[in-house]
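These notes are about the structure you will find just below.
Just so it is clear, none of the values below were taken in a lab; they were calculated from the coordinates. Bear in mind that the values here come from a model prediction, so they are computed numbers and not experimental data. When we count neighbours, we look across all protein chains shown, and the Cβ atoms used for this are built from the backbone with ideal geometry, even at glycine.
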Amino acid sequence: MMSDKNTQSFAVGSKSFTAVAINTASKAGEWIKSKLGDYNNLQTKYSTHDLVTEVDKGAEKMIRAMIQMHFPEHAILGEEGVEPGPAASQAALDQVSGSEYLWIVDPLDGTTNFVHGFPFFSVSIALAHKGEVIVGVVYNPVHDELYVAEKGKGAYLKGKKMQVSSEKRLIDSLVATGFPADRSGASPANLQGVQALTPKVRNIRVAGSAALHMAYVAAGRLSGFWEIGLNSWDVAAGALADYRVRRQSNGYARQPVQPEYTSCACLQRPYSSGICRRIGRGPSDRTLIS
């Protein structure tokens, strides 16, 4: 059970950062769910695999309005407000990286799933203070599951502290990855990791929402997750959830969570080095694993 102090900080309707993130993600998620099967305008962005609908844009507009209503002086970095492509994403992050408070938003992580009616997508909202993520919320509206992480207070699902999985051997693990929109660079690199890991793990899942994959790692439903070519809005909230859970359960993430990830790995201590060797992480990659 959470303490009274933690319960107070999560109380929707107060002006705490976490409460605003929870309320905003919940309302945006419910609206997105109501539009499932009812989108009208499908477009592509960086590639034919990178989709956007009016629902993505409408959800981000809603999220921005709700955050600005409470914190008008805070900066907001949202996926749909950034031009497509890795260079534009990095430029947008650089532009706001000096902000004292920065909200990092993916209004609909898993747009392809949403378009096809595949029920695995989420709203991801994080808040960074002076470059460190301090609040992260991932909401799955289909299953009404809200993952909440807060610096210094742990990570919770439905009011209960999350625990990572208990597998001790790589061969017993269930891990996940994703296929990046960049099919010329990041995707082939990720496929090499899939090929290398498949014989070494129990199985691999590719469900299409990085934020939810990371939340599943924090909740113990997955043993690990990696993906190359992600943006800050894909991972900021989920990364904090994994970091907080591993801190409280002696897991493997050690460094403070920062918003400028280009690749991500969330892994269990007993086999993290083996996975990182096999997926070919370079020393320049920013990940949760030290």
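Report the full-extension gain for the segment Ser184 to Phe118: residue separation times 0.36 nm, less the Cα-Cα distance, to one decimal in nm. Please list the in-between numbers first.
On the way: separation 66, 0.36 × 66 = 23.76 nm, distance 2.56 nm.
That works out to 21.2 nm of additional length.
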**Q.** Protection proxy ranking of 119-132, 173-186 - average other beta-carbon atoms within 10 Å, highest first
**A.** 119-132, 173-186
Q. Over the Cα atoms of the range 76-214, what Rg and Dmax result, in angstrom?
A. 16.8, 45
Q) Amide H neighbours of Gly220 under 5 Å, counting only residues 5+ apart in sequence or on other chains, H built in-plane at 1.01 Å? A) Ser165
